[in-house]
Amino acid sequence: MNEQILNETARAMVAEGRGILAADESTGTIEKRFKSIGVENTEPNRRAYRDMLFTTPGFEQYTSGVILFEETLFQSALDGTPFPKLLASKGVIPGIKVDKGAKPLAGAADELVTEGLDGLRERLVKYKEAGARFAKWRAVITIGDGIPSDYCIHANAHALARYAALCQEADIVPIVEPEVLMDADNTIEVCASVTDRTLEAVFHELHGQRVLLEGMVLKPNMVISGKKCPQQADRETVARATLRVLKRRVPAAVPGIAFLSGGQSDEDATAHLDIMNKLGPHPWKLTFSYGRALQAAALKAWGGGNADAGRKAHLHRAKMNGLAALGRWEP
Ligand code: 13P
């Protein structure tokens, strides 16, 4: 493990005014996105869509890194340049989603555990050769009647730490993503308490498994009302509640926190990040690692063939989120 390389890469991923584009939808997830615009989920269409995103002129000003799906890491842009090489030439760090998805957790109804540790050490070597300098693993925590269980939280935290330790052994920065879902009808207080329990378990396991905190990036959910909750907390409340949990649970040694958007509207995701940064300074950089909140408008504008409209929409969201990462966004 090269501590200096890990720390330099982690700091570059959360550099001033820049964040991460999560474009690592699995073939199944991109199918859902393409369906919403009536585009067939074929390899050439996936390649053309990612080409549109990564050839957006100027997006690198606001984008430190891109998380790729395995297929994309080994694909080439429409001009023949391998995607990781194209990104690196713009100063954007290529990363790779390495988990194999959330599967039912044995003995725990309605709860999930993320798989993908078997063979990971060998896969990481291949990914590094292809140009990946960081990785991502997403754990999913579901809020519901009597859940999450401590069993589910601990199984996921343990796997996240095993993944993170293997990445660091290969000098690849792990993005540690424990996502508490926002799909249920719970209040923001319940989200705060579940996020608190989850982050406590995650940092306990990271410490126990000797993960270098200076060489990782945390990708958490924001503390927010469940989508189906009748009382929706306002933006300032979300920002303050999120900061309160993070300050209690995330050591200052972690260089940065890059949030997921999790189904928030594009503008809410930008506004929440912006308010948190306006409330700074904080011990860690606070930025974005958005999937849907960076891509939804671009996907729609692209519509299967209009690359210029897609790029324009992508650049706009990237710029707004870049401003929010500085606390300089204006509604
Ligand atoms: P969303 O921002 O759409 O939640 O996606 C981020 C991500 O990478 C989920 O793993």
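The values are calculated or read from the model by the stated rules, or taken from the named source; none is laboratory data. Everything quoted here is computed from the prediction, not taken from an experiment. Here Cβ is always computed from backbone atoms with ideal geometry, including for glycine, and neighbour counts include all displayed protein chains.
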(request) Evaluate the following for GLU236: is it acidic (Asp, Glu) and either at positive phi or surrounded by fewer than 16 Cβ atoms within 10 Å (Cβ to Cβ) (or both)? (result) yes
(message) Of the conditions (1) within 15 Å of the ligand (Cβ to nearest atom); (2) touching a His at 6+ places or on another chain (Cβ under 9 Å); (3) not aliphatic (A, V, I, L, M), GLN209 satisfies every one except a single condition; which number is it?
(response) (1)
(message) Which numbered condition in (1) farther than 23 Å from GLY17 by Cβ; (2) buried (at least 19 other Cβ atoms within 10 Å of the Cβ) is the only one that PHE259 fails?
(response) (1)
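Suppose we filter LEU160, LEU105 for residues that are within 20 Å of GLY208 (Cα to Cα), touching a strand residue (DSSP E or B) at 6+ places or on another chain (Cβ under 6 Å) and in contact (Cβ under 8 Å) with a residue 40 or more places away in the chain; which single one remains?
LEU160
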(message) Given the criterion within 16 Å of the chain's Cα centre (by Cα), away from the ligand (no atom under 16 Å from the Cβ) and at pLDDT 95 or above, identify the matching residue among LEU199, LEU243.
(response) LEU199
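Hey, among the residues in segment 280-294 that are more than 7 Å from the ligand (Cβ to nearest atom) and aromatic (Phe, Trp, Tyr), which one's surrounded by the most Cβ atoms within 10 Å (Cβ to Cβ)?
Of the residues in segment 280-294, the ones more than 7 Å from the ligand (Cβ to nearest atom) are 280-288, 294.
Imposing the further condition that a residue be aromatic (Phe, Trp, Tyr) reduces the set to 284, 288.
On the way: TRP284: 21, PHE288: 32.
By that ranking, first place goes to PHE288.
Among THR142, THR114, THR72, which is within 16 Å of the ligand (Cβ to nearest atom), touching a residue at least 40 places away in the same chain (Cβ under 8 Å), of a type outside the set (Lys, Arg) and under 25 Å from GLU214 (Cα atoms)? Write out each step before concluding.
On the way: THR142 fails: under 25 Å from GLU214 (Cα atoms); THR72 fails: under 25 Å from GLU214 (Cα atoms).
After ruling out the rest, the residue left standing is THR114.
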(message) Being over 18 Å from the mean Cα position of the chain (by Cα) and among the acidic types (Asp, Glu) is the filter here; which residues of segment 269-309 pass it?
(response) ASP308
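Filter segment 251-279 down to residues that are out of contact with any strand residue (DSSP E or B) (no Cβ under 7 Å at 6 or more places or on another chain) and near the ligand (Cβ under 9 Å from one of its atoms), then give me how many there are.
2
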(request) Return only the number of the condition from (1) buried (at least 22 other Cβ atoms within 10 Å of the Cβ); (2) within 16 Å of the ligand (Cβ to nearest atom) that LYS227 does not satisfy. (result) (1)
(message) Can you tell me which condition ASN156 does not meet? The list is (1) within 16 Å of the ligand (Cβ to nearest atom); (2) farther than 18 Å from ALA102 by Cβ; (3) of a type in the set (S, T, N, Q), and all the others hold.
(response) (2)
(message) Looking only at segment 87-104, filter to residues that are buried (at least 20 other Cβ atoms within 10 Å of the Cβ) and over 14 Å from ARG18 (Cβ atoms); which one of those is farthest from the ligand (Cβ to nearest atom)?
(response) PRO94
(message) With the structure loaded, tell me whether GLY303 is out of contact with any Pro (no Cβ under 8 Å at 6 or more places or on another chain), farther than 24 Å from ILE257 by Cβ and more than 16 Å from the ligand (Cβ to nearest atom) or whether it fails that test.
(response) yes
